[in-house]
Amino acid sequence: MSVQRTQALAPCFHCGLPVPPGTDYTTIIGGEQKSMCCPGCQAVAQTIVDGGLDGFYRHRDASATTMDSRISSEAHLADELALYDSEAIQAEFVRHTGDEQAEAMLVIEGITCAACVWLLEHHLSQQPGVSQFSVNMTNHRARLVWDPSQTKLSKLFGEVLRIGYKAHPFHPNREEQLLEQENKRAIRRLGVAGVGMMQVMMMAIALYAGALQDMEARFVEFIRWSSLILATPVVLYSARPFFLTAFRDLKTRQLSMDVPVSIAIGGAYLASVWATIMNTGEVYFDSVTMFTFFLLIGRYIEMQARHRTGKAGNALLDLLPASATLLEEGREKMVPATELKPGDVVLVRPGHTLPADGIILEGSSAVDESALTGEYLPISKNIDDPVVGGTINVEHPLKIRITDVGPNTRLSAIVGLLDRAHAEKPVTARIADRVARYFVLAVLITSATVAGSWYFISPEDAFWITLSVLVVTCPCALGLATPTALTAATGTLRQQGLLITRGHVLEGLASATHIIFDKTGTLTEGNLSIQQMQPARELNSINPYSIAAALEQASEHPIARAFHPYFQIPSVNTRVKVNAGVEGEVEGVRYRIGKPSYAAELYQGVTPDQPDHERQWLLLSDDQGPLAWFALDDQIRKDAAFTLNVLKRLGLKVGMLTGDDSSAAARVADELGIETVKQGVSPDQKLAYINELQSNGASVIMVGDGINDIPVLAGARTSIAMGSATDLAKTSADAVLISSELERLALALMVARKTRMVIRENLSWALLYNLVALPLAAMGFIAPYMAAVGMSASSLIVVGNAMRLSRLPRIRRKLRE
Amino acid sequence: MEIIYLLIPIAIILVSVALWAFFWSVRQGQFDDLESPAHRILFEDDEQLIPDDARPAKDDKQDHKS
């Protein structure tokens, strides 16, 4: 590529991964030579620069995703993409809008920051025939309008791929359309409440000032009528969700927080309307609108977080391929994977995903089943072995006879388990709802008593005194106590990399007694790396790492991938033997790497003993004898030990559940000091274990990442998915650890406990205020303006107290101790 | 003070116009993506619009982010 050597170990300019020493992939960007980690990244960077879009590298604030080297074999890809030109497939997501224009909705994979959106939009808009291409960063969807007579759709898909992203057709399902409608409705409600609140507040200031300066009664009356007009849409439209849930709760004989909220909004509004029409008493339109607006903000933020995780669209999209190679009378034919029937014979090339469950007819290969079992080492499969859709063929081409498709596949069975777990999940009553139950009863009983007593003392005052009791006890502070604290804590944790998507998470974290981790991908990095190299004899000129990397370069097996970073010199005549190793020539010498017995065959001598039996060792040999040993292992995450220590100190019982039944599980547990370990368990056994714990009164936090963890994530009281998890796992979890740093878990736990404390403080304050104000109002001592001031002051104190949660330093310091 | 009989109704009409515009923009999908527009304004993709004599000298272009 270029003569000049770039500095080794600098991160790849495109994707941020370390550049393997000795490799030399560079692209000139902005007049400077930048090093890349692989030909894939280089090709992408070159396309970006050639299109004059190198501004991308200046704008972005996150690294792009790594491009696999498959992009370089464009001819092969073109085949696969050509599928999208078929009418039958386009019918599902393309709409013809007349005058030679067609519109398609796509989902784009690999968007990491706003610069990606910019890059995609500019690159695609430069293509001939494209009249519009806009990308939505929140849900990663794109709208493409183009002229099919000028450009084929497959070419545009190819262009997206060329700049390092992946496009899929987007088929919105019913649920997603509902989500979108919900989102739009929530924004409209918030907007109406905000505008209404501001206008009513202006009127209120005029009224307050007027009260001090003796405004003429006719103006006061006019302003009150104007406030009434402005506040009405806020109450009738924006506050509707509160009324609806309150009504629903009352019908099922429950008292949730929405009941007092609705009584407050409805009561204060009706009283103000009455006062306006009768031209007596006081109006509270300002309090009503402000209260509604604040509550809606909290709900909106919560809803947005919930929608964020379900963004990629079809949940199974990641797992099953869009197309399959069907073998018909010896000829290959690309068909959509959804059109396969049991009995069809398909060809699956190495590196491709199996489209459905089946039995191997021809060939033997290793199959990566990590998506289902969490096990990262591929399992070798031979003729007549059953294979599962969604797993990846690693080494050799396989001919498979399909046995099950669609809802009968193993993958669908796991998804079915997910639904069951959701249904059985224990319902946790929120603390605010428990308080609300007593509060509402108390208020209603007191008001009735007050109304009754005053009816006998002086009937003409009874109505107004009862009203002032209701207004004074308006549960503004009580209603705001929990949501403001939750909103502040959720925002803080989001900045720290933990995205909370369901409301009960903070309470679940604060009251947790057990925390259970998955092993692979959660406590460990989830991929193999070389831990140690031990020379077996005096080394010659070439570094054993380089020889091993040269041999393993061609393979996509996870073991081989551990060597890829060391790739320097090429090998020739490379042959892979399934389940044994690789043989090849490097600079004229024949080498073998793999299982000790396989490597020993090359020099026809004794197989040496491996250095220890705890890890997996690979032997590298030439025809003279053994050369070097390599120890491979899945690395434990750097912050795992520290996090587990903090969690134990916080009083939690730490456990580990894993599908892995090798000695590796016990070693990880040993190293991290985990006492409760269940290994070799299937997804439904995991779920059963958690359910048993929970039925014994434990409150469990489950942390996991794989498809096999989905049922248990859905079943645990609080579940957290790692940021690297599959979309399906993320949507079934209650929170997502975006940064995948375990340390944030401990921080989240401390924030959650502090939140619980703040909520309790807030609730006590609100109750105290009501206890003091209520008797005074009941005796008729409180003037309406005093009630309004007291109400606002107590709300402000509650909000201010909640804001303390957005200050982290003190919690951080405690964590470090 | 009688002027408020005119001004307040005008204000209410303006508010309803603003709300109508807001509903319209929500329907148009302008609120679907609340993240990228905040960054978009910082992207310098207007280089071809800068006249030659107003361009900064080549050597003070050291703002590359790596």
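The values are calculated or read from the model by the stated rules, or taken from the named source; none is laboratory data. Just so it is clear, the structure is predicted and the values come from calculations on it, not from any experiment. Glycine gets a Cβ as well: all are built from the backbone with ideal geometry, and neighbour counts include every protein chain shown. All accessible areas refer to the heavy atoms of the entire protein, side chains included, with ligands and DNA or RNA removed. Shrake-Rupley method; radii C 1.70, N 1.55, O 1.52, S 1.80 Å.
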Check: Given a 1.4 Å probe and every protein chain left where it sits, what share in percent of the accessible area of segment A:177-313 is carbon and sulfur?
Finding: 65
Margin query: Past 25 Å, Cα to Cα: identify those pairs from A:Lys155/A:Lys333; A:Lys152/A:Lys333; A:Lys166/A:Lys399; A:Lys184/A:Lys754; A:Lys333/A:Lys730, in the order given.
Written below: A:Lys166/A:Lys399; A:Lys184/A:Lys754; A:Lys333/A:Lys730
Item checked: Residue-by-residue Karplus 3J(HN,Hα) for segment A:697-709, coefficients 6.51, -1.76, 1.60, Hz, glycine and proline x -> x, 7, 10, 10, 9, 10, 10, x, 9, x, 4, 5, 8
Note to self: Please state the shape class of segment A:96-195: rounded when a/c is under 1.5, otherwise prolate if a/b exceeds b/c and oblate if not, all from the C-alpha gyration tensor.
What the structure shows: prolate
Notebook entry, point to check: Nearest 100 Å², what total accessible surface is buried between chain B and chain A (probe 1.4 Å)?
Noted result: 3200
Checklist line | Residues with amide H under 5 Å from that of A:Ala366, placed H, sequence gap 5 or more | finding: A:Lys381, A:Val394, A:Glu395, A:His396
Notebook entry, point to check: Between B:Glu2 and A:Thr97, what is the FRET efficiency for a Förster distance of 41 Å, r being their Cβ-Cβ separation, to the nearest 0.05?
Noted result: 0.15
Check: What is the average number of partner chain Cβ atoms found within 10 Å of a Cβ in B:22-35?
Finding: 5
Check: If you take the beta carbon distance between A:Met105 and A:Arg58 as r and set R0 to 30 Å, what does 1/(1 + (r/R0)^6) give as a FRET efficiency, to the nearest 0.05?
Finding: 0.50
Notebook entry, point to check: Normalised by the residues of segment A:591-727, what does the relative contact order come to in percent, with Cα pairs under 8 Å and at least six apart?
Noted result: 14
Note to self: As I understand it, the dipole of segment A:177-313 uses +1 on the Cβ of Lys and Arg and -1 on the Cβ of Asp and Glu, about the Cα centre. Which of A:Val235, A:Met201, A:Leu190 lies farthest toward its positive end?
What the structure shows: A:Leu190
Next item on the list: Please report, as a whole percent, how much of the solvent-accessible surface of segment A:93-170 comes from carbon and sulfur atoms (probe radius 1.4 Å).
Entry: 49
Note to self: What's the magnitude of the charge dipole for segment A:615-692 around its Cα centre, counting Lys and Arg as +1 and Asp and Glu as -1 at the beta-carbon? Answer in Debye, nearest 20.
What the structure shows: 520
Next item on the list: Please give the per residue accessible area of segment A:177-313, computed with a probe of 1.4 Å over protein heavy atoms only, in Å².
Entry: 47
Next item on the list: Determine ³J(HN,Hα), in whole Hz, for all residues of segment B:16-30 in sequence, where each value follows from phi through the Karplus function 6.51 cos²θ - 1.76 cosθ + 1.60 and θ = phi - 60°; x replaces Gly and Pro.
Entry: 5, 5, 4, 5, 4, 4, 5, 4, 4, 5, 5, 5, 6, x, 6
Check: DSSP loop GluC sites (Glu not before Pro) in segment A:161-257 with at most 12 other Cβ atoms within 10 Å of their Cβ, which ones?
Finding: A:Glu216
Notebook entry, point to check: Can you count the Lys pairs in segment A:507-650 whose Cα atoms are under 25 Å apart, with each pair 8 or more apart or on different chains?
Noted result: 4
